[in-house]
């Protein structure tokens, strides 16, 4: 078992600091090397266990934490709530070889900002970190579709008071669209899109866009791709 290794955090406000939690040193080194291709990303620590990861995230408050699912002392999905409690502003992205829908759901419900399959190219990892840092949901398009409920499932009580426009906005959020993309697709202003998003978040009893998406998927509020 290795111990967490740390580097000096850069002071520039535009630098995205990252903690990697993975017990396979070769994988962790590969992740760090891939991220080193961007001058906007700084890997500030590498940890090999849940305990080390929680300690590193709590101490360093990184912008993003890249987290493996299978660790010696637990699972990534079980660790996510601990990381969120230790550093509420840190965005957690699960990096896993397990592409089951159950893992996707567990990660999102636990508070992850996204899930990236280990089979993805380095560019996908870079994009995932930068998008997660901005608070954008990070999921492959095919994973978003797999999370959508099957047609004919019906609408639960939660979300019944959403307007047709708010349902459109929510459906686009589930598809990982940004506020700017929603505004463009619905041909509305950025401010109007932002207001619709806030209305959706409030009506679903959520606090963030990611939480609203998680609720929408879990409660079958939107249907169809």
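The values are calculated or read from the model by the stated rules, or taken from the named source; none is laboratory data. In this text the structure is predicted, and so the values were computed from the model without any measurement. As a convention, Cβ positions derive from the backbone with ideal geometry for all residues, glycine included, and neighbour counts pool all protein chains shown.
Residues are listed down the side, and each one gets a yes or a no for (1) out of contact with any strand residue (DSSP E or B) (no Cβ under 7 Å at 6 or more places or on another chain); (2) surrounded by fewer than 16 Cβ atoms within 10 Å (Cβ to Cβ); (3) modelled with pLDDT of 90 or more:
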residue: 150; (1), (2), (3): yes, yes, no
residue: 162; (1), (2), (3): yes, no, no
residue: 169; (1), (2), (3): yes, no, yes
residue: 174; (1), (2), (3): yes, no, no
residue: 178; (1), (2), (3): yes, no, no
residue: 183; (1), (2), (3): yes, no, yes
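Name the residues in region 83-104 that are touching a strand residue (DSSP E or B) at 6+ places or on another chain (Cβ under 9 Å) and farther than 20 Å from residue 16 by Cβ, would you? Walk me through it before giving the result.
Step one: of region 83-104, the residues touching a strand residue (DSSP E or B) at 6+ places or on another chain (Cβ under 9 Å) are 83-84, 87, 90-99, 103-104.
Result: 96, 97, 98, 99, 103, 104.
So which helices (runs of 4 or more DSSP H) are wholly in region 1-116 and hold at least 3 residues that are more than 20 Å from residue 210 (Cα to Cα) and modelled with pLDDT of 90 or more? Spell out the reasoning first.
Numbers: elements: 25-35, 50-60, 76-86, 101-110.
Ranges flagged: 25-35, 50-60.
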Name the pairs: first residue in region 34-60 and touching a residue at least 60 places away in the same chain (Cβ under 8 Å), second residue assigned to a loop (DSSP other than H, G, I, E, B), Cβ to Cβ under 8 Å, at least 6 apart or on different chains? 40/14; 40/15; 41/15
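State yes or no: is residue 188 free of Cβ contacts under 8 Å to residues at least 40 places away in the same chain and within 21 Å of the chain's Cα centre (by Cα)?
no
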Can you tell me which residue in region 185-225 is modelled with the lowest pLDDT, limited to those that are in a loop (DSSP other than H, G, I, E, B) and buried (at least 18 other Cβ atoms within 10 Å of the Cβ)? 222
